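Below is one structure; the comments refer to it alone.
The values are calculated or read from the model by the stated rules, or taken from the named source; none is laboratory data. Source: prediction; values computed, not measured. Using ideal geometry, Cβ is built from the backbone for each residue, glycine included, and neighbour counts are taken over all protein chains shown.
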Amino acid sequence: MQGKTGLILQQKGKADDERRYELKAGRELHVVQKKQNKKKKFGISILALHDQGKRVYQYKKRWLILGMGTVAVMLISPELGKHVPFIPVPYMLYILSGLFFAAILFFMLLVHTFRCRYVFSSIYTNLPLVEFWINKPSRKEYQDFIAALESSIKQHKEFMKIAYDKQLAGELRTLRRVTEAGMLSESVYLAAKAKLLLMSDMRYRPSTDKQ
């Protein structure tokens, strides 16, 4: 969707989870996130982003572990039954049935918690800065916005040709904004800041020739 100041993408998740992205002047990405009456708003310079995002898959590992563990117990139960003669066959069938339904429940919970997102990370610190729900609100709107964003990042970088030290400084400012919006913790920000400052220091540190 084209707004007054740039391209807009609006996404809605479960419950009251909403996100609004606006690509302004092809060089600044403004993000507004609303969830449970809480709003987070921040801007990201697209020069701080990789020119291509990547799919990130998320799920609750405990449901996968419990599901696989239950299946494993089901597979070894008949063999255990041979060595435990005091368990009647009907009881063993009840146990297997219970394990079967438990495994189904665990895998259903795994599917319920499974998420696939498209994430753009910072160039030098490789921190996830902005993420999109895939194919929302529609496949076409989502793909058009992502294509426009990735194209803008590439074109803007080629046009600007910013010096290395200014790129580092720009990424640091972007990380500060994202941290102030509550998207990154202070400890993560400080670690990323230290890394960027070290990279800048190494860039300008005079080299010494070994004798």
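Brief remarks follow.
- Being among the aliphatic types (A, V, I, L, M), at pLDDT 90 or above and more than 18 Å from the chain's Cα centre (by Cα) holds for only one residue in Leu29, Leu9, Leu23, Leu49, and it is Leu23.
- Across region 9-24, the qualifying residues are those that are free of Cβ contacts under 8 Å to residues at least 40 places away in the same chain and among the basic types (Lys, Arg), and the one among them that is nearest to Gln143 (Cα to Cα) is Arg20.
Matching residues to (1) in contact (Cβ under 8 Å) with a residue 24 or more places away in the chain; (2) more than 26 Å from Gln33 (Cβ to Cβ):
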{"residue": "Leu93", "(1), (2)": "no, yes"}
{"residue": "Met108", "(1), (2)": "no, yes"}
{"residue": "Ile134", "(1), (2)": "yes, no"}
{"residue": "Tyr142", "(1), (2)": "yes, no"}
{"residue": "Leu168", "(1), (2)": "yes, yes"}
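- Filtered residue count, region 25-64, keeping only those that are in a strand (DSSP E or B) and either surrounded by 14 or more Cβ atoms within 10 Å (Cβ to Cβ) or in contact (Cβ under 8 Å) with a residue 12 or more places away in the chain (or both): 20
- Ile87 modelled with pLDDT under 90, over 30 Å from Glu158 (Cβ atoms) and either assigned to a helix (DSSP H, G or I) or over 22 Å from the mean Cα position of the chain (by Cα) (or both): yes
- Of all residues making up region 140-181, the number that are assigned to a helix (DSSP H, G or I), more than 19 Å from the chain's Cα centre (by Cα) and of a type in the set (Lys, Arg): 5
- Positions within region 147-174 being of a type in the set (A, V, I, L, M), crowded, with 18+ Cβ neighbours inside 10 Å and under 23 Å from Gly6 (Cα atoms), in sequence order: Leu149, Ile153
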